[in-house]
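Colleague: A single structure is presented below for examination.
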Amino acid sequence: SWSTVQIYYNPKYVTTKPTSWHALLDKKYAGKISLENIPTDVMAIAGRATGAKQPYSMTSGEISKAKAFLKEFKPNVLKLASQNNEVVRALADGSAWIGITNLGTDDRVKDAGGPVVKAAYPSEGTIGFIDSEQIVKASKNKDSFEKFENAMQQAPFIAKNFITNGRPLFNEKAFKMLVNQGHGDRARRLLYNNPQAALKMTLKGPAGDEQAYTDAFNEVFGA
C-alpha cells in the first residue's frame, strides 16, 4: 500500500484551493490547521516548501530555511496530533479547517459525521510512504514466499483492504473489482489508478542528521 501526504481542506472556510504549502502561512488560518507530531516529517514538508533538494537529508542552510518556514507556520497550528485519527476528528468537528494527512481522509471525515473536505496537492511536491512485503536475502524459506504472497494478495482481499483503510495498493485486478462494485469514484479520488503519483513523492525516512532536525523542530514548537 502507499499514500501521499497532502492537504485536506474544508471549502466552507477555505475558499481558495491551497495548491502550495505556502498557502498555509496565511494568517486567516490561525489555529485552524492540524497535523501529526512527527518532527522529521514536519521538517521534510517544510523542506519541500522551501526547495530542499533532499528533504530528509537537508544541509544546515536548508534546515535553517525549513525552520524559518515552520516559525511562520506555527501560529496556524491548532495542535500537533499524537495520532492520525485526531486530525480526522478535528476536521470532522470543525475545529480544524485544514489537515495535513494521508489519502482517504475525506471519506474518514465523512464517516465520522463531518463536513465535505477536499484534497489539494502542493505544487512543491510532498512526502509519503510505500509499504511492501520483503523477503530476507538469507532466508531459508524462499520457496514459501511466493506461495504466501499469492495467497495474501488476492484481489478480493486487496479491494476490501482499500475500502477499510483508504490506501491505494499496487493491484490492478483489485482496482477493476472496485470499479465493478461501484467504488470506482472513490478509487480514482484516492489515486488508486494513478500509481505514478507514488513515484513523485519523497519517501518518508530517517533524517540524515536526526538530531539537527529534532533540534530545529523543538526550537519552533517547543518554545
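Colleague: May I ask for the angle, rounded to the nearest 10°, between helix 39-49 and the longest principal axis of the chain, with both axes built from Cα atoms and the value confined to 0 to 90°?
Modeller: Computed tilt is about 80 degrees.
Colleague: With charges only on Cβ, +1 for K and R and -1 for D and E, what is the dipole size of segment 2-133 about its Cα centre, in debye, rounded to 20? Mind showing how you got there, number by number?
Modeller: Working: 16 positive and 13 negative charges, 126 e Å.
Here the size comes out at about 600 debye.
Colleague: Relative to the Cα centre, what is the charge dipole magnitude of the chain, using +1 at the beta carbon of each Lys and Arg, -1 at the beta carbon of each Asp and Glu, and rounding to the nearest 20 debye? Please report the intermediate quantities before stating the final value.
Modeller: Numbers: 29 positive and 22 negative charges, 113 e Å.
Here the chain has a charge dipole of around 540 debye.
Colleague: If amide H atoms are built 1.01 Å from N in the plane of the peptide, which residues on other chains or at least 5 residues away come under 5 Å of the amide H of ALA96?
Modeller: Residues meeting the criterion, in which the H sits 1.01 Å from N, are LEU91.
Colleague: If you add up the charges near SER64, with Lys and Arg at +1 and Asp and Glu at -1, over every other residue whose beta carbon is less than 14 angstrom from its beta carbon, what do you get?
Modeller: Numbers: positive: LYS65, LYS67, LYS71; negative: GLU62, GLU72, ASP209, ASP215, GLU219.
Net local charge, SER64 excluded: -2.
Colleague: Also: Rounded to whole Hz and in sequence order, give me ³J(HN,Hα) for segment 102-112 from the Karplus expression 6.51 cos²θ - 1.76 cosθ + 1.60, θ = phi - 60°, writing x for Gly and Pro.
Modeller: 6, 4, x, 4, 4, 6, 5, 5, 4, 4, 8
Colleague: Take the solvent-accessible surface of the protein heavy atoms, probe 1.4 Å, and return the percent of it on the chain that carbon and sulfur atoms account for. Intermediate results must be reported in sequence, preceding the final value.
Modeller: Values: 5950 of 11860 Å².
Roughly 50 percent, rounded to a whole number.
Colleague: Find out how many positive minus negative residues lie around ALA46, taking Lys and Arg as positive, Asp and Glu as negative, among other residues whose Cβ is under 12 Å from that of ALA46.
Modeller: Working: positive: ARG48, LYS65, LYS67, LYS71, LYS74; negative: ASP41, GLU62, GLU72, GLU124.
Here the charged neighbours net out to +1.
Colleague: For the chain, give me the percentage of DSSP beta bridges that are antiparallel, rounded to the nearest 5 percent.
Modeller: Values: 11 of 20 bridges.
Of all bridge pairs located within the chain, approximately 55 percent are antiparallel.
Colleague: Among the lysines, select those whose C-alpha is under 30 Å from the C-alpha of LYS67, and discard any that sit fewer than 8 residues away in the same chain.
Modeller: Cross-link targets: LYS17, LYS27, LYS28, LYS32, LYS53, LYS79, LYS118, LYS200, LYS204.
Colleague: On to the next question. Using the Karplus curve 6.51 cos²θ - 1.76 cosθ + 1.60 with θ = phi - 60°, what ³J(HN,Hα) values do you get for each residue of segment 192-198, in whole Hz, with x for Gly and Pro?
Modeller: 4, 8, 10, x, 4, 4, 5
Colleague: Oh, and also: Name the residue farthest towards the positive end of the dipole of the chain from the options TYR121, PRO55, GLN211, assuming +1 on Cβ of Lys and Arg, -1 on Cβ of Asp and Glu, about the Cα centre.
Modeller: TYR121
Colleague: If packing is taken as the average number of other Cβ atoms within 10 Å across a peptide's residues, how do 193-205, 132-144, 97-109, 53-65 rank, most packed first? Don't jump to the answer; show the numbers that get you there.
Modeller: Details: 193-205: 14.5, 132-144: 9.0, 97-109: 24.0, 53-65: 16.5.
Result, highest mean first: 97-109, 53-65, 193-205, 132-144.
Colleague: In addition: Taking the solvent-accessible surface of protein heavy atoms with a 1.4 Å probe, what is the per residue accessible area of segment 35-88 in Å²? Mind dumping the intermediate values first?
Modeller: Details: 2410 Å² over 54 residues.
Accessible area per residue: 45 Å².
Colleague: I've got another one for you. Starting from segment 1-45, pick out the trypsin sites (Lys or Arg not before Pro) whose DSSP state is loop and whose Cβ has at most 16 other Cβ atoms within 10 Å.
Modeller: Numbers: sites: LYS12, LYS27, LYS28, LYS32; in loops: LYS12, LYS32.
Hits after loop and neighbour filter: LYS12.
Colleague: In whole angstrom, how long is each semi-axis of the equivalent ellipsoid of the chain, when you take the square root of 5 times every eigenvalue of its Cα gyration tensor and sort them from largest down?
Modeller: Sorted largest first and rounded, they come to 32, 24, 14 Å.
Colleague: Straight-line reach from LYS65: which aspartates and glutamates fall under 17 Å, measuring Cα to Cα and dropping same-chain residues less than 8 apart?
Modeller: By straight Cα distance, LYS65 reaches ASP41, GLU124, ASP209, GLU210, ASP215, GLU219.
Colleague: Per residue of segment 134-142, in order, report the coupling 6.51 cos²θ - 1.76 cosθ + 1.60 (Karplus, θ = phi - 60°) as ³J(HN,Hα) in whole Hz, putting x for Gly and Pro.
Modeller: With coefficients 6.51, -1.76 and 1.60, one gets 9, 10, 6, 4, 8, 4, 8, 10, 4 Hz.
Colleague: Suppose only helical runs count, i.e. DSSP H with n ≥ 4. What mean residue ellipticity at 222 nm does that imply for the chain under -39500 (n - 2.57) per run, divided by all residues and rounded to the nearest 500 deg cm²/dmol?
Modeller: The per-residue figure over the chain is -12500 deg cm²/dmol.
Colleague: Same structure, new question: Using all Cα-Cα distances in segment 71-164, what percent lands in each 5 angstrom bin from 0 up to the longest?
Modeller: 2, 10, 15, 15, 15, 12, 9, 9, 7, 4, 1
The values are calculated or read from the model by the stated rules, or taken from the named source; none is laboratory data. Values in this document were obtained by computation on a predicted structure and should not be read as measured data. A quick note on method: Cβ atoms are made from the backbone with ideal geometry, for glycine too, and the neighbour counts reach across all protein chains shown. Side chains are part of the model used for accessible areas, which takes the heavy atoms of the whole protein and leaves out ligands, DNA and RNA. Shrake-Rupley method; radii C 1.70, N 1.55, O 1.52, S 1.80 Å.
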